[in-house]
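**Q** Here it is, the structure, as structure tokens.
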Amino acid sequence: MEHSGEINGSIPQEIGRLSSVSYIFFSYNHLRGSIPGEVWNLSKLTGLDNFSGSIPSKIGRLSSLSLLLLVANNLTGPTPISIGSLYNLSQLLLVDNSLNGAIPREVRMMKSLNMLDLSINQITGPIPTSLGNLSKLVWLYLYGNNLSGSIPSEIRQLGSLITMQL
């Protein structure tokens, strides 16, 4: 079944006034532009997907977020270190974008993470040893990047890991 939404245009700033909203999913539509900055003040937000531009450092304010799904959104720039403040995040999927820079060491603080997928980007540098701290990690996908160096021995600490593609 093909999913094709009919909503188009940009996302209005007023969406940030929805203080009780917990999920925002824009997938399968024809939206353009970035999510308005007001969204980063929605303290009850637990799920977010589909926006373009760069990932703002304000994302760290969304401490209730459990799912961050940003697949094929033309995201650019580095992953901000504030992403480590998303302690409740269980799934982080930043697949098929144009993210660059290194994987932030602060990812180690995301203790609830069971899926980390940063595949098909332009991420550089080594695989951080701090990934070994993610004891609940089940899926790890880092392929399709420009990573360098060796696989850190700390990966062996990931006792729950079922699938890994580097």
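Throughout, read-outs are computed from the coordinates displayed, never taken from laboratory work. Since this is a predicted model, take the numbers as computed values, not measurements. Using ideal geometry, Cβ is built from the backbone for each residue, glycine included, and neighbour counts are taken over all protein chains shown.
**Q** Which condition breaks for Leu137 when tested against (1) among the hydrophobic types (A, V, I, L, M, F, W, C); (2) in contact with a Gly (Cβ under 9 Å, 6 or more places away or on another chain); (3) within 22 Å of Gln157 (Cβ to Cβ); (4) outside any strand (DSSP E or B)?
**A** All conditions pass for Leu137, except number (2).
**Q** Additional query: Can you spot a residue in region 155-166 that is assigned to a loop (DSSP other than H, G, I, E, B) and out of contact with any strand residue (DSSP E or B) (no Cβ under 9 Å at 6 or more places or on another chain)? Let's see the steps before the verdict.
**A** Let us first name the residues in region 155-166 that are assigned to a loop (DSSP other than H, G, I, E, B), namely 158-162, 166.
Applying the additional criterion that residues be out of contact with any strand residue (DSSP E or B) (no Cβ under 9 Å at 6 or more places or on another chain) yields 159-160.
Yes, region 155-166 contains at least one residue that is assigned to a loop (DSSP other than H, G, I, E, B) and out of contact with any strand residue (DSSP E or B) (no Cβ under 9 Å at 6 or more places or on another chain).
**Q** Restricting the search to region 140-154, which residues are over 16 Å from Leu92 (Cα atoms) and assigned to a loop (DSSP other than H, G, I, E, B)?
**A** Of all residues in region 140-154, those over 16 Å from Leu92 (Cα atoms) come to 144-154.
Within region 140-154, Gly144, Asn145, Ser148, Gly149, Ser150, Ile151, Pro152 qualify.
**Q** Return yes when Ser119 is closer than 21 Å to Gly144 by Cα, in contact (Cβ under 8 Å) with a residue 40 or more places away in the chain, part of a loop (DSSP other than H, G, I, E, B) and in contact with a Phe, Trp or Tyr (Cβ under 9 Å, 6 or more places away or on another chain) and no when it is not. Break it down stepwise before answering.
**A** Details: closer than 21 Å to Gly144 by Cα: yes; in contact (Cβ under 8 Å) with a residue 40 or more places away in the chain: yes; part of a loop (DSSP other than H, G, I, E, B): yes; in contact with a Phe, Trp or Tyr (Cβ under 9 Å, 6 or more places away or on another chain): yes.
When the stated conditions are applied, Ser119 passes them.
**Q** What number of residues within region 114-166 are crowded, with 18+ Cβ neighbours inside 10 Å and among the acidic types (Asp, Glu)?
**A** Of the residues in that region, 1 qualify.
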